[in-house]
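Student: Let me begin by handing over the structure; questions about it come next.
The values are calculated or read from the model by the stated rules, or taken from the named source; none is laboratory data. No experiment lies behind these values; they were computed from the predicted model shown. Here Cβ is always computed from backbone atoms with ideal geometry, including for glycine, and neighbour counts include all displayed protein chains.
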Amino acid sequence: MPRDPGSLWSPLPESGKQGTGIKTQFIVHSTGDRGSAKAIFGYFSRAAVVVESTFVIGLSPADPTRQMLDSSEVADANLKANTRAISVEVVGAATDPFTDWQISELIRLGRWAGAQHPIPAQICPAWDQPGLGWHVMFGAPGPWTPVAKDCPGKTRIDQLKTIVFPALMAAATPSEDDDMLLIRQPRGDVALILGDRSIPIGNINDYTALTQAGIKVVTVTPDLYNGIIASTGSEG
Ligand SMILES: [Zn+2]
């Protein structure tokens, strides 16, 4: 029952009650407004709300990514794909581009999901085939949604096609360069480890560029993070 160490574990009332499936798809959504990930968690928690997703990504590290169900659990966001898809809500209107933080989190979560589940780094070739996708990919209404909608939105779909999914596909080619590693703690602090030195990454754009370049990200506890920074020569 995998849980992402880089997300805040925020189980919904449905958690543990929905049954599990073999997860072969990673499907991205927009929440439709700029309310926080925390607020979306509150919405999905209501007794009257029977839909939910596996993860929700906020606008910035100040609103940490939340995991609301174990990633094997059925998540009711994708109609016919609920048993096989990990669904990821990303805060924002369909007309908003993803922020740099959201792009980094999508890449990080996509890599994690691909390592934990049989989700290949490819665009889903069909609605019932494994890979990466977005909500209205096969029509709206269609096999992944019962209604007409524009989720996650044209701009965001372009970012998935040109930035997020190519980074996930590139990561499928293993790099032997273990000398370089990014460590990250759940609240967002990031450092680049180069041999025996550490360089805190204060700028999210730099973090995004490094993750897109294929440098592995390891999520660690705050204690371990501080310990690594203390034990390496910092260039901060
Ligand atoms: Zn959606």
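Student: Give me the strands (runs of 3 or more DSSP E) completely within region 129-199, filtered to those with at least 2 residues that are within 12 Å of the ligand (Cβ to nearest atom) and at pLDDT 90 or above, ordered by residue number.
Tutor: 131-134
Student: Say whether the condition of being under 15 Å from C151 (Cα atoms), under 13 Å from the mean Cα position of the chain (by Cα) and either in the same structural domain as Q122 (by TED's automatic domain parsing) or basic (K, R) (or both) is met by at least one residue in region 45-53.
Tutor: Yes, the conditions are met somewhere in region 45-53.
Student: Within region 30-50, take every residue that is part of a loop (DSSP other than H, G, I, E, B) and exposed (fewer than 14 other Cβ atoms within 10 Å of the Cβ) and give me the one that is nearest to the ligand (Cβ to nearest atom).
Tutor: D33
Student: Here's another thing I want to ask about it. Please go through (1) closer than 20 Å to A140 by Cβ; (2) modelled with pLDDT of 95 or more; (3) part of a loop (DSSP other than H, G, I, E, B) for P97 and return the number of the only condition it doesn't satisfy.
Tutor: So P97 meets the others, but not (1).
Student: For residues that are of a type in the set (V, I, T) and surrounded by fewer than 21 Cβ atoms within 10 Å (Cβ to Cβ), tally how many sit in region 1-29.
Tutor: 3
Student: What number of residues within region 1-29 satisfy the criterion of being free of Cβ contacts under 8 Å to residues at least 12 places away in the same chain and not in a loop (DSSP other than H, G, I, E, B)?
Tutor: Residues that pass the stated criteria total 0.
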